[in-house]
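Worksheet: one structure, shown below.
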Amino acid sequence: MLKAGLVAIVAAVLAASLSLNASDWKILSASDTTCGCIGFLSPTNTPDNALALPIPPVDTHQTEINYVYTTHAVPKSVANLTLSVTGRLRYDNWPIFSAYGDPPDCDDSNARVHPFFATTTNIWDSSRNNWWYASFYDSFDLASMRAVGSGYTTTISVPMIGVNWTNLYGQRGDTVPAAWKRAATSVKMLGVTFGCGSFDGHGLAQSGGSAFFDVLSYQVQ
């Protein structure tokens, strides 16, 4: 009985449903004037308390949304847990997603939002500290969500094991087990990144309408 109780307490400590209060999150955005800036774009909260992330319109300053993250009450260890994110796409008219300066494999058809985590609070110190969900096809596919209609909502659930995650250099966690173990037990930041093609965090903009990606739930348990 005592052992079972301890297991339950440990599970409760490890489980985390992250705050979606906009003040607990930051957006790293880029433009030709800021070259990467915190606060250039700001998250807000919707009436149903979702975290609303603006996908900016194409402009002359090449503004994009790149990384969105929180360091608030983030679980230090996520090893062998499951990360679940519920996302919703809201839009007016028919936004076409794009990115600036990336290769031809980056276009509207493969615009994605990817869950990620990091072992540093310095977003620029990304050497091998940032890890992304490794499945391109199972990340949030914005074109497919748009096709269903504004307000379409879906959930991604990812076991936190090495085979499912890749670092900045394309190394999957199961191929660098020591690095994966360090990362999965030293988490300081959780969030999502916007990108397309082979570039998970290089940013997105849109033209032809307006668009928000809302996070309705972000859990590790």
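Taking the criterion of being of a type in the set (Ser, Thr, Tyr) and under 11 Å from the mean Cα position of the chain (by Cα), the residues of region 183-221 that qualify are Thr193, Tyr218. When residues in region 184-207 are screened for being at pLDDT 95 or above and either within 19 Å of Pro57 (Cα to Cα) or part of a helix (DSSP H, G or I) (or both), 1 of them pass.
In summary, Ile161 fulfils each of the numbered conditions (1) under 16 Å from Val215 (Cβ atoms); (2) modelled with pLDDT of 95 or more; (3) among the hydrophobic types (A, V, I, L, M, F, W, C) with the single exception of condition (1). When Gly151, Gly170 are screened for being at positive phi, out of contact with any strand residue (DSSP E or B) (no Cβ under 8 Å at 6 or more places or on another chain) and surrounded by fewer than 17 Cβ atoms within 10 Å (Cβ to Cβ), only Gly170 passes.
Screening Ala178 on (1) touching an Asp or Glu at 6+ places or on another chain (Cβ under 9 Å); (2) of a type in the set (Gly, Ala, Ser); (3) at pLDDT 90 or above shows it passes everything except condition (1).
So that you can scan it fast, the table gives a plain yes or no per residue for (1) in contact with a helix residue (DSSP H, G or I) (Cβ under 7 Å, 6 or more places away or on another chain); (2) closer than 30 Å to Gln206 by Cα; (3) acidic (Asp, Glu); (4) free of Cβ contacts under 8 Å to residues at least 24 places away in the same chain:
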site	(1), (2), (3), (4)
Thr155	no, yes, no, no
Arg172	yes, no, no, no
Pro177	yes, no, no, yes
Val187	no, no, no, no
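For region 43-72, the candidate set comprises residues that are in a loop (DSSP other than H, G, I, E, B) and of a type in the set (A, V, I, L, M); within that set, the residue that is surrounded by the fewest Cβ atoms within 10 Å (Cβ to Cβ) is Val58. Among the residues examined, Lys181 qualifies as touching a residue at least 24 places away in the same chain (Cβ under 8 Å), closer than 19 Å to Asn80 by Cβ, exposed (fewer than 15 other Cβ atoms within 10 Å of the Cβ) and of a type outside the set (S, T, N, Q).
The values are calculated or read from the model by the stated rules, or taken from the named source; none is laboratory data. No experiment lies behind these values; they were computed from the predicted model shown. Positions of Cβ are generated from backbone atoms using ideal geometry, with glycine treated the same way; all protein chains shown enter the neighbour counts.
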